[in-house]
Amino acid sequence: MLKFNWETDWSAAQAIARLCIDPAIYRKPGSHLAQRVEQVLGSALDGATARLNEDQDLGEGRAEIKRAVGAVAAEMKRLQLQKDVQMLPVLWLRLLLGQGVAVQATAIRRFGVWRLNAERSGAVVYVDRDAERTVSLQIKGLGSAEKIRAWTIEELQWLKRSADSSWPFHGQWERRVLERQIESAGGLDAGVSAADDRQQELPKKRRRRKKTLADFEKQCGRLVMKALAEVLADESQSRRGLVAVEGGQRYSSELSADALLDALEDSPKFRSKLKGSRSTLRKALGAYVQLKRGRPRVDDDEPLPQPVLKKQR
């Protein structure tokens, strides 16, 4: 199958042959049909249509091709384009489709495949070397943050101008590929970096600071804390096993806070030493004792609470 170069400029005859004629005409091995058809179309654009009318290889599509030649020749005359002008394939697509000329579906597909391949490394845009654009095109995610004075393929193909405008057919177009931003050393692309920046701008949730002994003394009172420390130190030496030494002034207990305070207050030895209210002592225990978490124990001989049945209305 004959492949076309979509990156070079084409003549009018080449554009009609490659975009409007069934590709099967170019598939015959060992022939020069492509060159001959382009020569026939070139003569037809000059007004000599005899060779086009006599060409048998074009088959039933000859009438449609003849109409395409007439439409292209008339539009080139209106745009004041030279007969030997060469333009980008995308501009010929714009001209043909604008005149209602049927373009082969395979040609449009090949153009799309070319574009996908061309944009593997970056966005494909076109810059007019002879004109300055008033509106800049800025593409995010590219290596340069500079605004590029360029037009996209969609603009060249579909952007509408006034009826008497000749844009973009007289431009000196140069194709450029805007390279995408290379991944940083940390392996994060631009999108992830931007997300990280936004995350850093958000206020961070402050972690809860662990209370110190000074905090407990300020909240519960220094005398209460001193008396509780002495009681726990004495209790850790007893055989009751209410608290176990973990190191320093830290203890652990299998009891809840209320159960441990009940056991300590029931002892005549400690009853007079404990200072402060029950709520204050419960808070003060947190400075010295690692208490058991979860629900309090239920003794085996204690009946379980029965659920209250609600009457159905």
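A full extension of the chain between ARG161 and LYS292 corresponds to an added length of 39.2 nm, given 0.36 nm per residue minus the alpha carbon distance.
Charge tally for ASP9 (other residues, Cβ to Cβ under 12 Å; Lys, Arg +1; Asp, Glu -1): -2.
Annotation: extensible slack from ALA73 through ALA263 equals 57.6 nm (criterion: 0.36 nm per residue apart, minus Cα-Cα distance). Taking 0.36 nm per residue of separation and subtracting the current Cα-Cα distance, fully stretching the chain between GLN39 and GLN82 would add 13.8 nm. Between THR280 and GLU217, the modelled label-to-label distance comes to 1.6 nm, taking each label 7 Å out from Cα in the direction of the beta carbon.
Each value in this text was obtained by applying a stated rule to the coordinates, not by laboratory testing. Not measured: the values here are computed from a predicted model. Heads up, the Cβs are rebuilt from the backbone with ideal geometry, glycines too, and the neighbour counts pull from every protein chain shown.
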